[in-house]
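Here is the structure we will look at, set down as structure tokens.
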């Protein structure tokens, strides 16, 4: 199963969920500059951004979840509601979890065609999964700055950098 | 097997460090055009500056090199740097040099060693340590560099 090789992604997602869940509406609407996403927009972008790419791989559960997401007015429409953002973070994580538990390392070499700016690429599943993981990390880092600027305590996403995987204790 | 592990690791490291990655920038892309003044700026005193993050990335790369070459290393320590444009540019040179040396260390590693547990108390293989402390760690901080840069651009307009 691929899930072993992506150990740590689940805990990073959990650190984002724990950071977002207790936020107030004003904390979610915080936008440090007009040209940048708000806290809520960034968190919902993490959740909803996962679906497009997983659907391109026809990952388990991705089509149904993408259909639900398509019914949203816009990603920004949930950006003020912590419970909605958490719901989509957890739902999209379930899709990732199911995928990583269903596929093996042999699936990483599979490809699909994707056209970008007039050029068609054979995109590997390995490239796609890493891209979305890195996308989570990139925007998770942004969230840490935005929440830190507001004085919100985020030990998991902040000082631990999302490193929530605790090694097993040594036997006495 | 050898090529699979090391090539995948180096590809991930280069992807996050140099890009391109589509709609989010790599470390060097985010740092392009950043001056010493911008690098030292903090949105609030309790937050890290770009320069601090870059020093942290250098220290993390040095940590990974030590782990690959000796199987042990002292934990990276956050520092609060100061300096002029020449010092900042020298820092960027050290960052690129550390990345190049890390790739060399990865190329030299015996793949069997990647599956060893270098520090029994941590319970993680060297491969797992490098995966979490390398490209994944860098992507997290890359987002912060990009955000701090964007924040300053927004304040100017």
Based on the Cβ-Cβ distance of residue A:1 and residue A:81, what FRET efficiency does E = 1/(1 + (r/R0)^6) give at R0 = 41 Å, to the nearest 0.05? 0.75
Once you place label points 7 Å from the Cα toward the Cβ at residue A:113 and residue A:33, how far apart are they in nm? 4.1 nm
Just to confirm the number: angle between the C-alpha axis of helix B:50-70 and the first principal axis of chain B, 0 to 90 degrees, nearest 10? 10 degrees
Which of the peptides B:134-140, B:122-128, A:91-97 is most tightly packed, and how do the rest follow, judged by the mean count of other Cβ atoms within 10 Å per residue? B:134-140, A:91-97, B:122-128
Over the alpha-carbon set of segment B:3-129, work out the extent along each principal axis and list the three values in angstrom, largest first. 45, 33, 24
Sequence of A:123, B:130 once ranked by neighbouring C-beta atoms within 10 Å, starting from the fewest: A:123, B:130
Would you mind ranking B:34, B:119, B:44 so that the residue whose beta carbon has the fewest other beta carbons within 10 Å leads the list? B:44, B:119, B:34
In bins 10 Å wide, starting from 0, what share of all Cα pairs of segment A:2-149 does each bin hold, as a percent? 11, 40, 33, 14, 1
Can you tell me the 0 to 90 degree angle between the C-alpha axis of helix B:135-156 and the longest principal axis of chain B, rounded to 10? 10 degrees
Between residue A:101 and residue B:119, what's the calculated FRET efficiency when r is the beta-carbon distance and R0 is 22 Å? Round to 0.05. 0.15
Which Rg and Dmax, in Å, describe the Cα atoms of the protein assembly as shown? 19.6, 61
Can you sort B:5, A:12 by how many other beta carbons sit within 10 Å, fewest first? B:5, A:12
Note the angle between two axes, namely the Cα long axis of helix B:2-18 and the longest principal axis of the Cα atoms of chain B, as a number of degrees from 0 to 90, rounded to the nearest 10. 10 degrees
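Where a number appears in this text, it was derived from the coordinates with a stated rule and is not lab data. Worth saying up front: this structure is predicted, and the values here are computed from it rather than measured. Because the Cβ atoms are built from the backbone with ideal geometry, glycine has one as well, and the counts that use them run over all protein chains shown.
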